[in-house]
Amino acid sequence: MTEPGGPAAGSDPSDDPRAVVGEPILHVDMDAFYASVEQRDDARLRDRPVVVGGAGDRGVVAAASYQARRFGIHSAMPMVQARRRCPDLVIVPGRFDVYREVSREVMGLLRNVTPWVEPLSLDEAFLDVRGAVRLFGAPDEIARRIRADVRDRLDLPCSVGVGPTKSVAKLLSGRAKPDGVCHWRAEEVVANLRPLPVSALFGAGPRTVERLEAYGFTTIGHIADTDRRTLQRVVGEAVGAHLHQLARGEDPRAVNPTEPARSLSAEATFEVDVDDPESLRRHLLRLTEKVARRLRRADLAGRTITIKVRFASFETVTRSHTLAEPTDRTQEIAAVARELLDQLRLERARVRLLGVGVSNLADGVGARQLALEVPTPVDPRWEQLDRVADEVTERFGGVGVSYASLLDDDDEEGPPAPTREDRG
């Protein structure tokens with residue numbers, strides 16, 4: 001039993017010996033987040049098969065309600081195929097600003113329970129509730145309280161996993177869907193994990209799973225019973241060590257409420273396949289503008305620039321380059337992205353999707369200070385141009401300063417990115 005006088009709100013809950021809780025980690029995941037928001041805000045959509053995304057022939061499903069999922073519809077599915085599966089499908093354009101605001105409300109409710117909230121995306125977060133059990137009861141009681149609060153205050157469904165580690169809590173929120181709570185006691189975890197497929201492990205992507213299964217590792221129990229070095233020879237040192245720990249119910253990762261963004265990116269799916277190199281460069285510059293502006297708005301800068309190209313055949317390639325110092329300047333990012341695109345030598349290859357991302361992020365102020373010390377500093381007028389463009393966009397909304405080559409570029413913002421649940 002937890003004694004009175006638990007840890008202070010801002011302290012690390014694991015530092016207090018009185019905060020010993022068998023299953024202190026919660027994973028809260030909003031159910032079909034974008035689609036659920038649309039159904040909440042329009043009563044006519046309740047209990048109907050709804051998808052969020054582009055309605056055109058080249059549109060892609062960004063999120064699907066559970067009513068739509070009964071027809072086998074899922075995110076990243078071409079909208080034409082989704083319509084064939086469900087003739088009564090309701091297609092709603094994305095409202096990303098609304099989803100972002102609702103996400104802030106959700107995270108606010110979670111922080112009313114504990115300051116130890118680590119958002120993973122707009123629709124999911126980890127919580128460490130060791131410091132909250134004295135006020136709100138056992139972790140599974142807190143999970144039910146959160147689910148009820150989200151339903152009562154925001155009229156939205158969510159699912160909550162309760163376990164001793166982040167990986168187990170993440171697994172259990174998926175098993176709790178839709179709109180439920182799933183809890184494993186610490187002493188049950190290893191036995192419960194063993195019969196599950198290797199794909200259930202947090203961090204085992206499709207290629208890793210394919211490789212494991214090719215070597216006969218089909219269940220988590222197989223991985224737990226295998227020598228770690230053998231596993232590392234199959235999937236690599238870092239992944240092998242990580243999966244070996246998880247298969248044994250071990251996960252030392254703590255909930256980190258100050259977890260920084262790992263990357264920022266933007267991508268566009270074209271209405272018609274693009275095979276003109278100059279047109280692709282213009283699209284690339286437009287996407288780079290969006291990413292760079294988001295970096296500056298978040299006071300971040302990054303060293304690694306990545307481009308993503310998906311061809312008409314749906315084959316996807318990525319290329320990246322890491323700079324010596326982080327940057328948030330549009331021109332610098334655009335120059336690297338353009339060079340990466342040119343190196344692909346696409347000629348007249350038909351491109352369906354193009355994307356730009358910046359990762360390896362750092363604080364933007366520190367990055368700009370470092371940039372002053374490089375031997376050949378970038379022309380400061382580019383930084384001034386970025387600052388003016390940001391100020392104009394901030395002040396006048398849709399009106400902004402942009403590059404002359406983009407003046408005739410009237411492409412609309414694509415559908416919002418699918419949530420983690422929808423990608424799953």
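General observations
- The relative contact order of segment 33-96, computed from alpha carbon pairs under 8 Å that lie at least 6 residues apart in sequence, is 35 percent.
- Note on C86, C158, C182: ascending count of other Cβ atoms within 10 Å places them as C86, C182, C158, the fewest first.
- Backbone geometry of segment 341-353 corresponds, through the Karplus equation with coefficients 6.51, -1.76 and 1.60 at θ = phi - 60°, to 3J(HN,Hα) couplings of 5, 4, 5, 6, 6, 6, 6, 10, 5, 7, 10, 9, 9 Hz, x marking Gly and Pro.
- Given their separation in residues at 0.36 nm each and the Cα-Cα distance between them, R297 and R185 gain 36.1 nm when the chain is fully extended.
No value in this document is a laboratory result; all are computed from the given coordinates. On a predicted model such as this, the values are computed, not experimentally measured, just so you know. Glycine gets a Cβ as well: all are built from the backbone with ideal geometry, and neighbour counts include every protein chain shown.
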